[in-house]
1. Taking amide H positions as placed 1.01 Å from N in the peptide plane, with prolines and chain starts having none, which residues 5 or more places from Ala140, or on another chain, fall under 5 Å of its amide H?
2. Based only on other Cβ atoms within 10 Å, what is the fewest-to-most ordering of Tyr193, Tyr237?
3. Pop out the ³J(HN,Hα) list for segment 51-57 in order, Karplus 6.51 cos²θ - 1.76 cosθ + 1.60 with θ = phi - 60°, rounded to Hz; leave Gly and Pro as x.
4. Between the DSSP loop rule and a limit of at most 15 other Cβ atoms within 10 Å, which trypsin sites (Lys or Arg not before Pro) in segment 186-258 are left?
5. Along Cα→Cβ, 7 Å out, is where each label goes; now give me the distance between the ones at Glu118 and Ile180 in nm to one decimal.
6. Could you compute the net charge surrounding Ile172? Neighbours are other residues with a C-beta less than 11 Å from the C-beta of Ile172; K and R count +1, D and E count -1.
7. For the chain, count the residues as N, evaluate 2.2 N^0.38 Å, and divide the Cα radius of gyration by that value, please.
8. Return Met194, Met129, Met268 ranked ascending by Cβ neighbour count within 10 Å, so the fewest neighbours appear first.
Amino acid sequence: MSAHTPTTPQSAVTVIGLGPMGRALAGAFLEAGVATTVWNRTPGRDRELVARGAVGAGSADEAVAASQLIVVCVVNYDAADSVLRRPEVTAALKGRTVVNLSADVPDRSREAAAWAAEHGIHYLDGAIMTPAPTIGTPDAVFLHSGPLELYREHKPVLDALGGSHSHLGEDIGRAAAYDIALLDIWWTAMTGYMHALAIARAEGISAQELAPFAKGIGAILPPAFDEAAVEVDNGTYTAKINPLTSAASTMTHIVHTSEAHGIDASVMRAAEGLTRRAIGLGHGGDELSRLAELLGRRA
Ligand code: NDP
């Protein structure tokens, strides 16, 4: 179902949390014709949504009581708990379904699911992998985990959010685990890009001059991801293209150039140190994928 396919008139949802993402979720539900009730800790953030037809609840328990499906999207699980575990809210949640789209670590999802089960609350966990402006468009990416039947029951309403929805398994922590692994890629890659822009600038190259070539680097990542994934799953690391000895050499060039300009090279030093450790252990002829195995080794 696309974001703009009207859902059945009886479908209803409550959205708890009206930061940029919560507002985008509520807006997409409204756009799809889902009866939407909203609540946020700080009042006033619902103004535009109410103008578009949302019901602005006066309290969190009132918001929860309005719908069978409650979508929670706040900064993290401490924030979610501080709302959902108020006695009057917990009581109102009994028999209803919470889909918690707030980001946090897998163990918090598992702990929250155990708490929900104790209180007769149906519970699904989720992660949103794309920025707020994608919500309601085909570009949105949602990951879900938890009981499959429960997911199937609420999928028609969740589809109003647009994009792709993947159920990753019944282990409630799985969506958060994917989220953490994927954000690991995002933050290290983007920090690497910021570092590259700092070096480029020190060398008299503007960010916009570098950007087209940076995109070229981005374009070669997807096949490299696939190749490394096969190597890591199969445990076959022997270099076909770029042995660790060669990789370490170019990493050292980056460290030297950074530090010659007084630019902090600690992220690249960490990568170089890890690579040299692998070489020291006799893996100099392996691909970079060897590092995943090395990092996963227990002392
Ligand atoms: P934030 O991560 O800044 O979260 C803001 C929301 O959290 C507000 O509703 C805020 O309420 C609420 N909040 C914070 N602390 C508390 C608390 N102690 N008790 C109750 N509510 C609290 O904004 P986003 O909306 O952007 O993100 C929400 C979630 O979505 C996060 O987990 C984020 O990682 C995830 N996400 C966001 C993306 C984005 O593009 N923005 C992309 C992908 C995921 P108040 O207004 O009262 O402060």
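1. Close amide H contacts, sequence-distant or interchain: Gly163, Ser164.
2. On the way: Tyr193 16, Tyr237 22.
With the fewest neighbours first, Tyr193, Tyr237 line up as Tyr193, Tyr237.
3. Couplings: 4, 8, x, 6, 9, x, 6 Hz.
4. Values: sites: Arg201, Lys215, Lys240; in loops: Lys240.
Of the trypsin sites (Lys or Arg not before Pro), the ones in loops of segment 186-258 whose Cβ has at most 15 other Cβ atoms within 10 Å are Lys240.
5. Between Glu118 and Ile180, the label points sit 2.2 nm apart.
6. Numbers: positive: Arg108, Arg110, Arg174; negative: Asp107, Glu111, Asp125, Glu170, Asp171.
That sum, taken over residues with Cβ under 11 Å, equals -2.
7. Values: Rg = 23.2 Å, N = 299, 2.2 N^0.38 = 19.2 Å.
In units of the globular-protein estimate, the chain measures up at 1.21.
8. Numbers: Met194 10, Met129 18, Met268 23.
Starting with the residue having the fewest Cβ neighbours, the order is Met194, Met129, Met268.
Computed from the coordinates by the stated procedures, all read-outs in this text should not be read as laboratory data. What you see is a predicted model; the values in this text were computed from it and never measured. In this analysis, Cβ positions are derived from the backbone assuming ideal geometry, glycine residues included, and neighbour counts consider all displayed protein chains.
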